[in-house]
1. If I go through region B:200-224 residue by residue, how many of them are in a helix (DSSP H, G or I), closer than 24 Å to B:His38 by Cβ and within 17 Å of the chain's Cα centre (by Cα)?
2. Test A:Val249 against the stated conditions and say whether it is within 28 Å of B:Ser2 (Cα to Cα) and touching a helix residue (DSSP H, G or I) at 6+ places or on another chain (Cβ under 9 Å).
3. Take the conditions touching a helix residue (DSSP H, G or I) at 6+ places or on another chain (Cβ under 9 Å), assigned to a loop (DSSP other than H, G, I, E, B), under 26 Å from A:Lys7 (Cβ atoms) and aliphatic (A, V, I, L, M) and apply them to A:Ala144. Does it pass?
4. Scan B:Lys51, B:Lys44 and give me the residue that is within 14 Å of chain A (Cβ to nearest Cβ) and either under 21 Å from B:Leu193 (Cβ atoms) or among the hydroxyl-bearing types (Ser, Thr, Tyr) (or both).
5. Checking B:Glu206 against (1) without any contact (Cβ under 8 Å) to a residue 24 or more places away in the chain; (2) at positive phi, which single condition isn't satisfied?
6. Which residue out of B:Arg189, B:Arg197 is part of a helix (DSSP H, G or I), basic (Lys, Arg) and farther than 27 Å from B:Gly33 by Cα?
7. Could you tell me whether any residue of region B:111-122 is surrounded by 15 or more Cβ atoms within 10 Å (Cβ to Cβ) and at pLDDT 95 or above?
8. Would you confirm whether any residue within region A:181-198 is within 14 Å of another protein chain (Cβ to nearest Cβ), touching a residue at least 24 places away in the same chain (Cβ under 8 Å) and either surrounded by fewer than 18 Cβ atoms within 10 Å (Cβ to Cβ) or of a type in the set (Ser, Thr, Tyr) (or both)?
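The values are calculated or read from the model by the stated rules, or taken from the named source; none is laboratory data. A quick note: this is a predicted structure, and the numbers were derived from the prediction, not measured. When we count neighbours, we look across all protein chains shown, and the Cβ atoms used for this are built from the backbone with ideal geometry, even at glycine.
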Amino acid sequence: MSISAWKIAGVSLPGFGHLAQGIPCQDAHEIRIAGSWFIGVVADGAGTAKFSNAGAAIACRTLAADLAERLATVSLEEETVDTTSIRSWIEEGLSRARAHLQAAALADEARLADFHATVLGAVAGAHGGVLFHIGDGAAMALDASGNAEPIISPPENSEYPEITFFLTQDNWREHLRCTPFGAGHDVLLLMTDGVTPLALSGAAPFDGFVTPLMRYLEAVNREEGEAALSASLSKDKVRRITQDDKTLVWALRSAAHD
Amino acid sequence: MSSTGIPDMALRDNTNQRLPCILVIDGSASMDGDPIKHLNAGLKMFEDALKNDDIASQRVQVLIIRCGGGDEVEIISDWKDAMDFEAPVVAAHGRTPLGAGATLALAKLAEQEARYRQHGIPSNRGWLFLLTDGEPTDTDWEQAAAACKAAAAANRVTVFGIGIGDANFKKLSAFSAMSPVRLDGLNFREFFLWLSRSASTASQSELGSPLQLERPNSWGTIQT
């Protein structure tokens, strides 16, 4: 019997604009490993919302915890790609994350809209999984060997540029997009809109960014990988490209035999 | 823990529209001395001006071809985002195969535009500058000139002829429907500053909108 082991890295960095103004990072991410399952959640708090940094953090934490708890009960034998089940767990998890946000809003005498955040992520096991996504940013399921075509969950923006969709909106279910992928896709990349200009070129991953990233993170340990990722995303070159907060989560599945 | 970042990772804005710009430079023997010295100094200023422009540095892409030797053309600086562009030093010796230079330029432009399409990157119409102080010395230059004119007529490229000193303006005008411009003396400095300003403006213009260029009064005279 084979089980999966995941190698992971993730950073959330305040944008140059936010650093200059002393505003905290409004991006968040959470990574959980439950058995041989990988759960990654990334959220971007809306710049205009009062408690957006809390919104993003709560959404990530509660959703990842919820999914990890659910997946921990799924035994290895049942690890087939039942994307319908995964999708329904994601939807339930998102709904519970909204309840947590609602509670936080009540406690702060605020509105749910004060916690506006986009959310996206991936749930992946040995046989594939599901990318989920509300709003901008991007999720990618890639094949480390380069054989399978990349599967991309692209940003969704409204007809007005700069306006996207949030988990905290009443019609969030209408904007929830789930994209299944198979066992051939063993690399996951999750990112907020501060990173998409670098990593996406049109509707495809930008090789010049993604390939060196995958090669490097695979070769080093998590601490080194995250330090290098932070250093790269903090370079002056990036300052000219985006002032926004930047979150990038990477995961690589490898088969570990017991 | 300090880190210098992930090696070889390209950090560029893939959402930006691009303006591809090719310079075909006459590196023949007659350019030796002051002309090539001023030209190289101008190229360096071009590099600095582009890099100091936040928008142009990300949008303008530059490729430089040298014509010289025994009717040889060489790419002395392959496609670079302006922010990564480093002005090459052009050597002056040999002949002036301007036709071959223009042909190579059209091919490189087509190649780059295919790359943009493949990656869904929007782009402005490309620019092709031909700089010479003489006249084409390659035998089939007329064919190349006709191809340039045709590509320009089909809106695939804008071709500018820049003549220095005793350049043959009649032959230069065969490459473009636009009249060539005579550089005032060796005022490469003003020419390259004008070019970086123009590239900056054009790279911010809407796709498909007509080209609005500053008149070259600061550095040249239009040869009508």
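1. 2
2. Working: within 28 Å of B:Ser2 (Cα to Cα): yes; touching a helix residue (DSSP H, G or I) at 6+ places or on another chain (Cβ under 9 Å): no.
No; evaluated as a whole, the condition is false for this residue.
3. Working: touching a helix residue (DSSP H, G or I) at 6+ places or on another chain (Cβ under 9 Å): yes; assigned to a loop (DSSP other than H, G, I, E, B): yes; under 26 Å from A:Lys7 (Cβ atoms): yes; aliphatic (A, V, I, L, M): yes.
When the stated conditions are applied, A:Ala144 passes them.
4. B:Lys51
5. B:Glu206 satisfies every listed condition except (2).
6. B:Arg197
7. no
8. Checked region A:181-198: at least one residue is within 14 Å of another protein chain (Cβ to nearest Cβ), touching a residue at least 24 places away in the same chain (Cβ under 8 Å) and either surrounded by fewer than 18 Cβ atoms within 10 Å (Cβ to Cβ) or of a type in the set (Ser, Thr, Tyr) (or both).
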